[in-house]
Amino acid sequence: MEFRHAKRFHIVSLLILSISLLSEASANDIYDAAINNPERLKTDFAYDQKRKPLDILPFTQIKKGDKVLELGAGGGYTTELLSWLVGESGKVYAHFLYKKERLENNRLSNVISLREHSLNEHAQVLAENEIQSNKLDAIIIFFVLHDIYLNNEMSDELLASLKDALKPGGRLIILDNAAKPDSGLANIGDLHRIGEHFVKSEMEKAGFVFDSETSVLRNKQDDHTKPWGDYEGLQDRFAYRFKKSEM
């Protein structure tokens, strides 16, 4: 009898493990599909080796149907990946997307390019786009947080508006060029780097809960004394994920 119960328990355990592995594989499939979407701009593929989207997109936990705000979209490399990832049922609100030809002829129809504005008036722009409290699933700030501080656009009000717009449990994901960990804002201008301990402290002070980090963009050969551009896109970069409390 004991043997029979043990055997049954073993079979159930194997089934649970199999379902878990299948679920994980299925989740990874959506990121792989976004990255390898044949409609992606061919020029973007050249950046994949350095930006590692197959590692970073799963780290964001963004999925189909999500509503995502991107601060500092720039040329739109990440904007495009997010567009294919969230799909027709999702939305990407892109701040400062200067390569607007990506959106011509209704291409990336789920991307809304926010009007140009200083982040000092960001709460107003969110309201204009009907982004109310608890609406966003995720906010990403990739490689521009140091610029936001450099341009004097960071404020308690901005962080409060971002936190308010996130759903409970929603994610804030920050990637940036690493300065010496405890250097704070000392090198945001000359090296375009920011101290990661400062970033973590400021986000937690604003009420975000630190959730996870990944080392996939790290470069131990970078001693943080040179401008990030000297490393041709392979500078030491930190990646942090925060959450809005579900309480």
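The values are calculated or read from the model by the stated rules, or taken from the named source; none is laboratory data. Because the structure is a prediction, the values reported are computed rather than measured. Here the Cβ is made from the backbone with ideal geometry for all residues, glycine too, and neighbour counts use every protein chain on show. For accessibility, only protein heavy atoms count, side chains too; no ligands or nucleic acids. Shrake-Rupley method; radii C 1.70, N 1.55, O 1.52, S 1.80 Å.
Observations on the structure shown:
- The chain: most fluctuating residue of Asp222, Asp156, Asp147 per GNM, C-alpha cutoff 10 Å: Asp156
- Percentage relative contact order, the stretch 139-179, counting C-alpha pairs under 8 Å, at least six apart: 75
- Of the listed residues Met203, Met154, the order by accessible area with a 1.4 Å probe, largest first, is Met154, Met203.
- Helix 196-205 axis, angle to the chain major axis (alpha carbon atoms, nearest 10°): 80
- Taking a straight line from the alpha carbon of Lys243, these lysines sit under 23 Å away, with near neighbours fewer than eight places off in the same chain left out: Lys52, Lys63, Lys64, Lys67, Lys91, Lys135, Lys163, Lys167, Lys200, Lys205.
- Computed about its Cα centre, the charge dipole of the chain is approximately 860 debye, with only Lys, Arg, Asp and Glu carrying charge at their Cβ.
- Angle in degrees between helix 77-86 and the longest Cα principal axis of the chain, rounded to the nearest 10: 40
- About its Cα centre, the stretch 116-247 has a charge dipole of approximately 500 debye under the convention of +1 per Lys or Arg Cβ and -1 per Asp or Glu Cβ, with nothing else charged.
- Note: relative contact order over the chain, using C-alpha pairs below 8 Å and six or more positions apart, is 15 percent.
- Placing pseudo-labels 7 Å out from each Cα toward the beta carbon at Ser118 and Asp182 gives an inter-label distance of 3.5 nm.
- Relative contact order of the stretch 49-101, defined on C-alpha pairs under 8 angstrom at six or more residues apart (%): 40
- Taking the C-alpha atoms only, the angle from helix 156-165 to the longest principal axis of the chain is near 40 degrees.
- Amide H contacts of Gly74 (H built 1.01 Å from N, under 5 Å, at least 5 apart or other chain): Leu97, Tyr98
- Coupling constants for the stretch 48-55 follow from the phi torsions by the Karplus curve (6.51 cos²θ - 1.76 cosθ + 1.60, θ = phi - 60°), and in residue order they are 4, 4, 8, 8, 6, x, 5, 9 Hz; glycine and proline get x.
- Rolling a 1.4 Å probe over the protein heavy atoms leaves Asp223 with an accessible area of roughly 80 Å².
- Of the whole protein surface, Thr225 contributes about 80 Å² of accessible area at a 1.4 Å probe radius.
- Tensor-based shape of the stretch 171-247 (alpha-carbon gyration tensor, a/c under 1.5 rounded, otherwise prolate or oblate): prolate
- Surface accessible to a 1.4 Å probe, per residue, for the residues of the chain, Å²: 53
- Within the chain, longest stretch clear of exposed GluC sites (Glu not before Pro) (DSSP loop, no more than 12 other Cβ within 10 Å): 131-231
- Whole-percent carbon and sulfur share, accessible surface of the stretch 50-130, 1.4 Å: 47
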